[in-house]
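The structure appears right after this line, and notes come after that.
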Amino acid sequence: MSQTATHLNTQIVAAANAAGLVVLASQPAVSLAGNPTTRFTLALSADAKPGQTLQLELSDTFDASAPEFAQQTGLFLAETANRLRNPRPNGFVTLSGIPLSYTNFEWPFHESTAGADTSVVHGQINLEDGEASALHAKIAAAMTVTFRDIVRAPEQPFAESFILNAVRKTLDQGQLELVKSGNRQPVPVTTRYYSPRHSKFVFNDTDEPQRRHFLAAKTFWLSGVLGNGAPVWLLDPRDAQYLNASVAELKLSVEALAHEGLITLSPDPAFAAPTAQLLAQREQFQATLSAALAFVKPTFNESMRGGHTNM
């Protein structure tokens, strides 16, 4: 292990421990740009099962203790600790009602090989409907030059949230196709997703009923269908960003769902599980999913189906 990698490993182990995490493994890797990286496997305990881990990949030259990076790195790890309390830590749901997981993301960004002046990160999303579906989409999320200036560092702790939300938004718009096999599909990440006036990312304008429905769907799929009724984190800042809401607004929606008898709050009220009343709405959630899947079966992308993308 190089000196820079050893230094990074020491920093991440210390920061992970401070966030209540353990580093199960750290492995050397190489980014798509050919630069050395380290992949950390994070968990809540040393005896965590494979499905209860998340991966963090950082450039070996990244200095997690630098003043301009330390706070966000610590925040990312603290949020990771909460996501690892979910039965499916890499699971998420779209506004259109599609349950997904994200896998195989390769950090940090690399420069596009297609001639465009963009920075790209590759990954994959997978349909998670409880039926072991093979439907997925390989992703090439491309950040424009202008947008790149907004991001403090092209590393996972600074970009994963808005990249996954851009993926969700693109899928909601019917501009990604879930397939059994296929080529990498583009996800443009531009300044339309950022408000300079408010210095924040913006993906959707939602009202309280929409947020309540979203959280109900998240609880149904990630806990009721995929998690054997284990509580899920409903105050995830990543979801708040996607919904253009505050965590306080999500909390109001969570309380409304509990009042309606649709969820049961955990001792930690940021987490909740579905009630029998919510699980009884299975046909409604399945119908919403079927409609969303039909919508994301576009005919516009025959060039992608033919393998004409290169990012």
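The values are calculated or read from the model by the stated rules, or taken from the named source; none is laboratory data. Given the structure is predicted, the values throughout are model-derived calculations rather than measurements. Reconstructed Cβ throughout: ideal geometry from the backbone, glycine too, with neighbour counts over all protein chains shown.
Values for this structure:
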quantity: Residue match in segment 79-99 (condition: more than 22 Å from ALA137 (Cα to Cα) and among the aromatic types (Phe, Trp, Tyr)); calculated: no
quantity: Residue in segment 230-247 that is nearest to the chain's Cα centre (by Cα), counting only those that are closer than 18 Å to ALA78 by Cβ and assigned to a helix (DSSP H, G or I); calculated: ARG238
quantity: Test for ALA270: is it out of contact with any Lys or Arg (no Cβ under 7 Å at 6 or more places or on another chain), under 15 Å from ARG85 (Cβ atoms) and not assigned by TED's automatic domain parsing to the domain that holds VAL93; calculated: yes
quantity: Residue pairs meeting the criteria (Cβ under 6 Å; at least 6 apart or on separate chains; first on the phi > 0 side of the Ramachandran plot, in segment 259-279; second modelled with pLDDT of 95 or more and polar (S, T, N, Q)); calculated: GLY261/THR275; GLY261/GLN277
quantity: Residue within segment 158-171 that is over 23 Å from ALA16 (Cα atoms), basic (Lys, Arg), assigned by TED's automatic domain parsing to the domain that holds LEU58 and surrounded by fewer than 20 Cβ atoms within 10 Å (Cβ to Cβ) present; calculated: no
quantity: Hits in segment 128-152 (condition: within 14 Å of PRO108 (Cβ to Cβ) and either in the same structural domain as ASN228 (by TED's automatic domain parsing) or surrounded by fewer than 20 Cβ atoms within 10 Å (Cβ to Cβ) (or both)); calculated: ARG148, VAL151, ARG152
quantity: Members of segment 190-211 that are surrounded by fewer than 20 Cβ atoms within 10 Å (Cβ to Cβ) and among the basic types (Lys, Arg); calculated: ARG192, ARG197, LYS200
quantity: All strands (runs of 3 or more DSSP E) inside segment 33-101 with 3 or more residues being under 18 Å from LEU222 (Cβ atoms); calculated: 91-93
quantity: Selection count, segment 153-193, where residues are part of a loop (DSSP other than H, G, I, E, B), modelled with pLDDT under 95 and either charged (D, E, K, R) or within 20 Å of LEU54 (Cα to Cα) (or both); calculated: 4
